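One structure below.
The values are calculated or read from the model by the stated rules, or taken from the named source; none is laboratory data. All of these numbers come straight from a predicted model, not from anything done at the bench. Counting neighbours? That spans all protein chains shown, and the Cβs are built from the backbone with ideal geometry, glycine included. Note: accessible area is taken over every heavy atom of the protein model, side chains too, but ligands, DNA and RNA are not part of it. Shrake-Rupley method; radii C 1.70, N 1.55, O 1.52, S 1.80 Å.
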Amino acid sequence: MKYSKVCIIPARGGSKRIPHKNVKEFFKKPLIAYSIEVAKKSGLFDTIIVSTDDYNIAKIAKEYGASVPFMRPKELSDDFTGTGPVIEHTLEFLQKSGVTVEYVCTLYATAPLLQEEYLIKGLKLLQESDAHMAFAATSMPFPIQRTFKLTQDGRCQMFWPENFTKRSQDLEEAYQDAGQFYWENLQRKASDIPFGKSSIAVILPRHLVQDIDTIEDWDRAELMYEILQKQKENK
């Protein structure tokens, strides 16, 4: 059996800073529901798989239309395991089940602001290139060339002092990972790190990007989501 496009949503149950974050209610729905729904709405995927070690997350994922064909092993569910091994584990499971995959999209469970148009754009850009990956990114809100650190005695020290007198508009714009989705063409091997020459950045507007790691992040995401919904209603 061959799957052209597979979506994998990693969602372990051991969130520390926001307990049960992946299924915490976000505007009357579990947070993970938004990622499942945007994947479904895109119409791109042969299957949407949630990789989790938590039976409650698995139950909710199934209710919203995702597949949970296995429970993630404990050794891949601790605080130190990155997303990479989790995705590899899922792909190995599919391979052992007789399924080959062309494109895989890692979609985070904490992306309630994601719009399906960017998932579609990411795949299109990847298919039209020789890149290995296309991922969501956004512009930095300030010039990184003028950033500074704090020394041990609490004083300031610029990373690039030579940029202090330069105008912001004269400095090159920088971008950051949006932490939402990562398309990979499994037929092409990466020749660089993910944020390198093997990848294409799909640029999202900053008002659609918010990491959700703390309660403050959560509150900000809710405000951003509420504004987006009001804008859609007004249209």
Kindly indicate the residue of region 196-216 that is touching an Asp or Glu at 6+ places or on another chain (Cβ under 9 Å) and either in a loop (DSSP other than H, G, I, E, B) or without any contact (Cβ under 8 Å) to a residue 40 or more places away in the chain (or both) and also surrounded by the fewest Cβ atoms within 10 Å (Cβ to Cβ) among those meeting that condition. ASP211
Taking the stated definitions as given, is THR110 part of a loop (DSSP other than H, G, I, E, B), free of Cβ contacts under 8 Å to residues at least 12 places away in the same chain and within 19 Å of the chain's Cα centre (by Cα)? no
Working only within region 116-160, note down all residues that are open to solvent by 30 Å² or more (accessible area, probe 1.4 Å), of a type in the set (Ser, Thr, Tyr) and outside any loop (DSSP other than H, G, I, E, B). TYR118
If you check every pair at least six apart or on different chains, which have Cβ atoms under 7 Å apart with a residue in region 142-171 that is closer than 21 Å to ARG206 by Cα first and a residue that is open to solvent by 90 Å² or more (accessible area, probe 1.4 Å) second? GLN145/TRP160; ARG146/PHE164; THR147/PHE159
So, in region 89-107, exactly how many residues are in a strand (DSSP E or B), over 12 Å from the mean Cα position of the chain (by Cα) and among the polar types (S, T, N, Q)? 1
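So if I check each of TYR55, TYR103, which one is among the aromatic types (Phe, Trp, Tyr) and under 24 Å from ALA131 (Cβ atoms)?
TYR103
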Listed by first then second residue, the pairs whose first member lies in region 183-195 and is in contact (Cβ under 8 Å) with a residue 40 or more places away in the chain, whose partner is basic (Lys, Arg), with beta carbons under 8 Å and at least 6 positions apart or on separate chains, are SER191/LYS197
Keeping to region 1-34, report how many residues are in contact with a strand residue (DSSP E or B) (Cβ under 7 Å, 6 or more places away or on another chain), in a strand (DSSP E or B) and open to solvent by less than 30 Å² (accessible area, probe 1.4 Å). 5
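What number of residues within region 39-76 are part of a helix (DSSP H, G or I), open to solvent by 10 Å² or more (accessible area, probe 1.4 Å) and not hydroxyl-bearing (Ser, Thr, Tyr)? Let's see the steps before the verdict.
Within region 39-76, the subset part of a helix (DSSP H, G or I) is 39-42, 55-63, 74-76.
This time we only want the ones that are open to solvent by 10 Å² or more (accessible area, probe 1.4 Å), so: 40-42, 55-56, 59-60, 62-63, 74-76.
Next cut, not hydroxyl-bearing (Ser, Thr, Tyr) only: 40-41, 56, 59-60, 62-63, 74-76.
Qualifying residue count, region 39-76: 10.
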